[in-house]
Amino acid sequence: MKTNTEIPWNEVALETAREVEKEVMPLFGTPKAGEAIGENVSGDVTKYVDKVAEDVVLSRLQPLGVNVVSEEIGFIDNGSDYTVIVDPIDGSYNFAAGIPIFAFSFAVFKGRKPIYGAIYEFATKTFYEALPGEGAYMDGKPIRVRKPERGKEALSFYTRGRCLGLIRRVKRVRVLGAIAVELTYLAKGALDGVLDIRNYVRTTDIAAGVLIAREAGAIVTDERGKELELRLDATSKTNVIAVNDRYLLDMILEELENES
């Protein structure tokens, strides 16, 4: 996929993901990977593997002179028109626990507009990409959300006791522990929806996944059904609903309305 700037973002994303992969995969499933070494800018625990992965990313991006928003260190302002929002390992709990569902998430904004998104799933070595208005791709091939089948919906659903009536209205509920991966599964037709209504996810978690899902035909909103807007920081938390059709979105919003 060719990107539309002087920086070949697709090459930067894939090369950086593979550098991270090289450094972190020897730690997969080890106690060392999950060792707490501090707190990130949101007050969450920074695991050893998170720090190793972020150091790789920052060393790769520093020569480009771009702004960076990363989960552990927060916002680095280099006065650039471009801001890279990165989560070096989304699903680091899974990584440390030996569960092979985790990914590298990379999104580029020019000003406040997204111009490129990529997710690299380490376990399968699958590379997802999207450009606004040009579609979503998996290993270079176009992907689309699947056509919904009523009564057979499969959702990835994060909640803290909210909207539980929804569980009875769909066929399957999954919680995979890496929302970047789950958004790509929505984009390629393996899931019908992904929602996190814990007021927990940050832009670093979802920036690339939201772009990929939207370009694959998904509807992505906040918990009120309004188009989700992403803030270019690592601390603001939000709710997200991403689905493959309006019927499912209305079902979710109805359940949320019923509990209020």
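The values are calculated or read from the model by the stated rules, or taken from the named source; none is laboratory data. None of these values were measured; they are calculated from a predicted model. Because the Cβ atoms are built from the backbone with ideal geometry, glycine has one as well, and the counts that use them run over all protein chains shown. In case anyone asks, the SASA skips ligands and DNA or RNA and just uses the protein heavy atoms, side chains included. Shrake-Rupley method; radii C 1.70, N 1.55, O 1.52, S 1.80 Å.
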Practice task
Normalise the Debye intensity by I(0) for the range 1-131, one equal point scatterer per Cα, no solvent, then take log10 at q = 0.11, 0.15, 0.18, 0.19 Å⁻¹ and round to two decimals.
Solution key: -0.36, -0.67, -0.95, -1.05
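Need one number: convex hull volume per residue for the range 122-260, Cα atoms only, in Å³.
Taking only Cα atoms, the range 122-260 has a hull volume of 108 Å³ per residue.
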Handout entry: Accessible area of the chain belonging to carbon and sulfur atoms, whole % at 1.4 Å probe
Key = 48 percent
Problem - More than 22 angstrom apart: percent of Cα pairs within the chain - result: 52 percent
Handout entry: Directionally averaged projected area (convex hull, Cα atoms, the range 45-99), nm²
Key = 3.7 nm²
Completion exercise
Projected convex hull area of the range 82-138, Cα atoms, direction-averaged, in nm², equals 4.1 nm²
Practice task
Mind checking the per residue accessible area of the range 35-136 for me, 1.4 Å probe, whole number of Å²?
Solution key: 38 Å²
Exercise for the section: Using only alpha carbon pairs under 8 Å that are at least six residues apart, calculate the relative contact order of the chain and give it in whole percent. Expected result: 16 percent
Exercise for the section: At 1.4 Å probe size, with every protein chain present, just tell me what the per residue accessible area of the range 194-260 comes to in Å². Expected result: 40 Å²
Practice task
Compute the separation of the alpha-carbon centres of the range 84-124 and the range 188-260 and state it in Å as a whole number.
Solution key: 17 Å
Handout entry: Where labels lie 7 Å past Cα in the beta-carbon direction, separation of Glu257 and Arg169 in nm
Key = 1.0 nm
